[in-house]
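Asks: Encoded as C-alpha cells, here's the structure I'll be asking about.
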Amino acid sequence: MQHVIIGAGPAGVVAAESIRKFDKSSTVTLVSNESERPYSRLAIPRFLQGTIAEKDTYLRCGQDYFASQSIDVRRGCVVKVDSRNDSVNLADGTRLEYDRLLIATGCRPEKPAIPGKELPGVVNCWTLEDARKIVCNLGINSRLIVVGGGFIGFVIIDALARTGAHIDVIEKGNRILPHLMNDESSRLIQSWCDKKGIEVKTCVDIEAIERRSVTSGNAGSGSHLSVLLDNGDSLNADMVIFTTGTKINTKFLEGSEIAFDHGVLVDERLNTNMPNVFAAGDACQGLGFSTGGRRVQAVQLTASEHGRIAAANMCGFKARYSGSITMNVLDTLGLVSSSFGAWNGVEGGESVTYSLSGNYTYLNLQFSEDKLVGGSCIGNAECLQQLPRLIHAHTPLKEWKKRLMDDPCRLGEAYHALSQVNISNN
C-alpha cells in the first residue's frame with residue numbers, strides 16, 4: 001500500500017505517524033513545499049519574542065526522526081492530482097503514485113493588491129522564513145505596523161509588543177476581532193490595547209506603501225517605510241506586517257474531480273468524494289459541531305485529531321469525526337479573551353451578558369432552548385475549561401438555564417452541578 005500525504009503541518013505529520021503505527025510495511029510519503037523541517041506555526045509567536053529557539057519550533061526532534069519512522073519526506077510543490085490514475089504531479093516533474101491520498105495542504109497568506117507591497121520590510125508573518133526576516137530586522141524600539149485586526153493579527157501583535165516594539169494596527173473593518181468577539185467585547189479589548197500603548201485604527205485602509213530616505217544630522221542617513229492611508233494620514237514604520245487573511249491551498253485540485261468549496265469537502269470519515277482520497281486540517285471543510293454543516297476549522301488541535309482519524313480510515317479502520325467546536329483563545333498582553341461554539345448566537349436562541357469594563361471582565365452566554373451552544377469571555381480563566389465542556393456535553397440545563405439567565409456569573413456553579421449529573425448518568 002502506498003500512502004501519500006500532501007502537507008507537512010500538524011495534520012500531515014500526525015497522519016504519517018499514525019499510519020506507521022497502524023501499518024508497519026506500507027510506504028508513507030510526506031510532501032512538503034517548504035525547505036524547513038516540519039514545524040508548528042503555533043510556535044512562531046514565541047520564536048518572535050525570543051522565548052524559544054528556532055529548533056523548538058520543529059514538530060519533532062532530531063534531524064533523522066522521520067527517516068527512523070520510515071516516513072519519506074519529499075520537498076516539492078504539488079501542481080496536480082490525477083485522481084483517475086491515482087497519482088500526484090510535482091512542479092519538478094516528479095510523479096508519485098498512491099493507493100491512499102491525504103490532502104493536508106493548509107492555507108497561505110494573502111497581501112492586498114496595493115502599491116509597495118513588495119518593498120523590503122513589507123512582510124507576512126506566516127512561515128518560519130517570514131519569522132526569521134522579522135527577527136533579523138527587529139531592533140530596540142522598532143516601529144511596526146500590523147495590517148489586519150483579526151485573530152492571527154493579534155497573536156502576532158501580542159508577541160511583538162512583548163519585545164518592546166511600538167505597534168500601530170490598521171483594520172479596515174469597524175472593529176477588531178470580528179470573527180471572535182461582538183461589538184461590546186471587541187471595544188473592551190481595543191480599550192485594553194490603548195492602555196498598553198498599542199494604537200488601533202479601525203475603518204481605515206492602506207492606499208500605498210513607500211520607502212523614504214531620512215537624514216538624522218550627525219547620525220547619518222537612512223530610510224523608513226511610509227504607509228499612506230485612505231483618510232489622508234500617513235504612518236512611518238521600520239516594518240509593515242500583513243496579517244489580513246489566508247486562502248486555502250486547493251488550486252492544485254482544479255480538474256482533479258475532487259470536490260472542494262472553501263476547503264476540501266469531506267464526510268464524517270474525512271473521506272472526499274473519491275473513495276481513496278481524504279483531507280485533514282485547515283484545508284478540510286468538515287463537520288462543525290454547532291451547526292452540523294461543513295466548515296473549515298483552522299485550529300491545530302483539530303488538525304491533529306483530523307490526522308489521526310484520516311490515518312485510521314486510510315488503513316481500513318472505521319473511525320468517525322463528530323465535528324469541531326469553534327474555539328478561539330487569545331492572550332493580548334495579559335488580557336485573555338475566548339469564544340466557543342456558536343458564540344454569536346443561533347436563530348431563535350437567547351443570550352445573556354455580564355460586563356464590567358472597569359476591570360476588563362466580560363461574559364456572554366448563548367442558548368438554544370435549554371442548552372448552552374456558545375459563549376465568549378474576557379478576563380475569566382475558568383471559562384476556558386467550563387464553556388467548551390458545557391457546550392460539547394450538550395447537556396440539558398433545566399433549572400440552570402434560568403439561573404444563568406438571571407446571573408451568568410454562576411457559570412462555575414452550573415458547570416460543577418451539571419458535571420455531577422453527567423457522572424451519575426454514566
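The values are calculated or read from the model by the stated rules, or taken from the named source; none is laboratory data. Remember, it's a predicted structure, so these values are computed and weren't measured experimentally. A quick note on method: Cβ atoms are made from the backbone with ideal geometry, for glycine too, and the neighbour counts reach across all protein chains shown. We work out accessible area using only protein heavy atoms, side chains counted, and drop any ligands, DNA or RNA first. Shrake-Rupley method; radii C 1.70, N 1.55, O 1.52, S 1.80 Å.
Asks: Of all residues being part of a loop (DSSP other than H, G, I, E, B) and more than 22 Å from Pro109 (Cα to Cα) in the stretch 143-173, which is least open to solvent (accessible area, probe 1.4 Å)? Just the residue, please.
Replies: So, considering only residues that are part of a loop (DSSP other than H, G, I, E, B) and more than 22 Å from Pro109 (Cα to Cα), the one least open to solvent (accessible area, probe 1.4 Å) is Ala165.
Asks: Quickly run through the stretch 249-288 and pick out the residues that are open to solvent by 60 Å² or more (accessible area, probe 1.4 Å) and at positive phi.
Replies: Once the filter is applied, which keeps residues that are open to solvent by 60 Å² or more (accessible area, probe 1.4 Å) and at positive phi, the stretch 249-288 yields Gly255, Glu257.
Asks: I need a count of the residues in the stretch 128-151 that are in contact with an Asp or Glu (Cβ under 8 Å, 6 or more places away or on another chain) and more than 27 Å from Ile189 (Cβ to Cβ).
Replies: Count: 5.
Asks: Next up: Could you grab me the full set of residues in the stretch 127-141 that are modelled with pLDDT under 95 and among the small types (Gly, Ala, Ser)?
Replies: Answer for the stretch 127-141, where residues must be modelled with pLDDT under 95 and among the small types (Gly, Ala, Ser): just Gly139.
Asks: Counting only residues that are in contact (Cβ under 8 Å) with a residue 12 or more places away in the chain and out of contact with any Gly (no Cβ under 9 Å at 6 or more places or on another chain), which one in the stretch 358-379 is surrounded by the most Cβ atoms within 10 Å (Cβ to Cβ)?
Replies: Cys377
Asks: Any idea which of (1) under 22 Å from Ser213 (Cα atoms); (2) open to solvent by less than 60 Å² (accessible area, probe 1.4 Å); (3) within 23 Å of the chain's Cα centre (by Cα) is the one Leu128 doesn't satisfy?
Replies: That leaves (1) as the condition not met.
Asks: Pairs needed: first member in the stretch 184-210, open to solvent by 20 Å² or more (accessible area, probe 1.4 Å); second member anywhere, among the aromatic types (Phe, Trp, Tyr); C-beta distance under 6 Å; at least 6 residues apart or different chains.
Replies: Trp192/Tyr360
Asks: Continuing with this model, one more query. Tell me which residues, restricted to the stretch 310-327, are out of contact with any helix residue (DSSP H, G or I) (no Cβ under 9 Å at 6 or more places or on another chain) and either part of a helix (DSSP H, G or I) or surrounded by fewer than 18 Cβ atoms within 10 Å (Cβ to Cβ) (or both).
Replies: Asn313, Ser322
Asks: Taking the condition closer than 14 Å to Asp407 by Cα, surrounded by 15 or more Cβ atoms within 10 Å (Cβ to Cβ) and touching a strand residue (DSSP E or B) at 6+ places or on another chain (Cβ under 8 Å), does Tyr354 pass?
Replies: Considered against the rule, which asks whether it is closer than 14 Å to Asp407 by Cα, surrounded by 15 or more Cβ atoms within 10 Å (Cβ to Cβ) and touching a strand residue (DSSP E or B) at 6+ places or on another chain (Cβ under 8 Å), Tyr354 comes out as yes.
Asks: So, in the stretch 327-355, of the ones that are out of contact with any Phe, Trp or Tyr (no Cβ under 7 Å at 6 or more places or on another chain) and of a type in the set (D, E, K, R), which residue ends up modelled with the highest pLDDT?
Replies: Asp331
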